[in-house]
Amino acid sequence: MRDGAPSSTAQRVAAHRLRFQRIGAPYGDPGADDRLAHDVASDVAVDPRGPMVRYLDARTRYFDRVVVDAIDAGVEQIVVAGAGYDARSLRYAKPGVAWFEADHPDTQHDKLARLATLQIAAGGVHFVPADFKDGDLAARLWDAGLDRTRPTLFVCEGVSVYLDDDILAVLLGELSRAGGPGSRLAISLSIAATTPEARERRARFEARVARVGEAVRSTLTVDDADDLLARCGWVISATAAGSEDESRGHDAGLVLLDRAPSSSD
């Protein structure tokens, strides 16, 4: 993203999501999410037939399902790292569930201004300005009210690809440190293409995002991704490992993980 400006790719994702069928829930305010997305979409033009649309649609449903399943299982703390214009905190708002949105100050400032203009209340959301390269995200979350002794769902969607490997490792470690025993992480990783067709699609994607100042910085093999996650305190979720859906998601870089026990637990 360009200094002093909100993320262009985050705006495009919000615009695309208006066309997607979202996971429903008997709580929350989907209309508020849609109103914010419509406001964001007025500033950008997207191609509904573009090469990334099918992936974005599947990715959105994946994270919707993870969030709804966590809330239904009783999780009461959700952290969205690199939230952009994601508004699951509105769409899936439920009394007793606290949301924490951590994002770069430039994008977060623009989002808060839009929510104010639209008169959308976000009383259940704690907005945490953060630059992930600073390495202090856990402390910022605790200062905002995150209870480090309780299970937390961490959501990191569409972020890792824009982080250098060392900064991604710092972020993953900070998220592991921030949550209590029983915490989980749902993340999308940029997995290296293995076929000529996939490499061509990847090259087009990298060229597009580079033009708006948001270059691809992290691409991992599946083995390298597993090693990185393990080093940073995360293991493949025992409840998801081996399932057909999780295997497909893992190959596409969509991974659900459990926080590994630490000496401080």
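The values are calculated or read from the model by the stated rules, or taken from the named source; none is laboratory data. Values in this document were obtained by computation on a predicted structure and should not be read as measured data. Here Cβ is always computed from backbone atoms with ideal geometry, including for glycine, and neighbour counts include all displayed protein chains. These area figures cover heavy atoms from the full protein model, side chains too; ligands, DNA and RNA do not enter into them. Shrake-Rupley method; radii C 1.70, N 1.55, O 1.52, S 1.80 Å.
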Quick count over the stretch 73-89, residues being closer than 22 Å to Val161 by Cβ, in a loop (DSSP other than H, G, I, E, B) and touching a residue at least 40 places away in the same chain (Cβ under 8 Å), is 5
Just a yes or no: is a residue in the stretch 2-25 among the acidic types (Asp, Glu), closer than 24 Å to Asp131 by Cα and open to solvent by 20 Å² or more (accessible area, probe 1.4 Å)? yes
Checking Tyr55, Tyr92 in turn, the sole residue that is farther than 18 Å from Ala116 by Cα, surrounded by 21 or more Cβ atoms within 10 Å (Cβ to Cβ) and of a type outside the set (A, V, I, L, M) turns out to be Tyr92
Selection from the stretch 113-164 of residues without any contact (Cβ under 8 Å) to a residue 60 or more places away in the chain, more than 18 Å from the chain's Cα centre (by Cα) and within 21 Å of Ala260 (Cβ to Cβ) yields Ala139, Trp142, Arg148, Thr149
Scanning the stretch 153-193 residue by residue, those open to solvent by less than 30 Å² (accessible area, probe 1.4 Å), out of contact with any Cys (no Cβ under 8 Å at 6 or more places or on another chain), at pLDDT below 95 and in a helix (DSSP H, G or I) turn out to be Ser160, Val161, Leu168
Across the stretch 71-89, the tally of residues that are over 11 Å from Gly124 (Cβ atoms), over 10 Å from the mean Cα position of the chain (by Cα), among the small types (Gly, Ala, Ser) and buried (at least 20 other Cβ atoms within 10 Å of the Cβ) stands at 1
Pairing a residue in the stretch 90-111 that is of a type in the set (Gly, Ala, Ser) with any residue that is in a helix (DSSP H, G or I) and open to solvent by less than 30 Å² (accessible area, probe 1.4 Å), where Cβ atoms lie under 8 Å and the two sit 6 or more apart in sequence or on different chains, gives Ala102/Leu137; Ala102/Leu141
Restricting the stretch 100-150 to residues that are of a type in the set (Lys, Arg) and closer than 22 Å to Gly173 by Cβ, the one surrounded by the fewest Cβ atoms within 10 Å (Cβ to Cβ) turns out to be Lys133
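So that you can scan it fast, the table gives a plain yes or no per residue for (1) over 16 Å from Pro30 (Cβ atoms); (2) in a loop (DSSP other than H, G, I, E, B):
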| site | (1), (2) |
| --- | --- |
| Arg65 | no, no |
| Ile71 | no, no |
| Pro95 | yes, yes |
| Phe100 | yes, no |
| Leu112 | yes, no |
| Ile120 | no, yes |
| Val128 | yes, no |
| Arg140 | yes, no |
| Pro151 | yes, yes |
The residue from Val44, Val68, Val40 that alone is at pLDDT below 95 and either open to solvent by less than 10 Å² (accessible area, probe 1.4 Å) or in contact with a Cys (Cβ under 7 Å, 6 or more places away or on another chain) (or both) is Val40
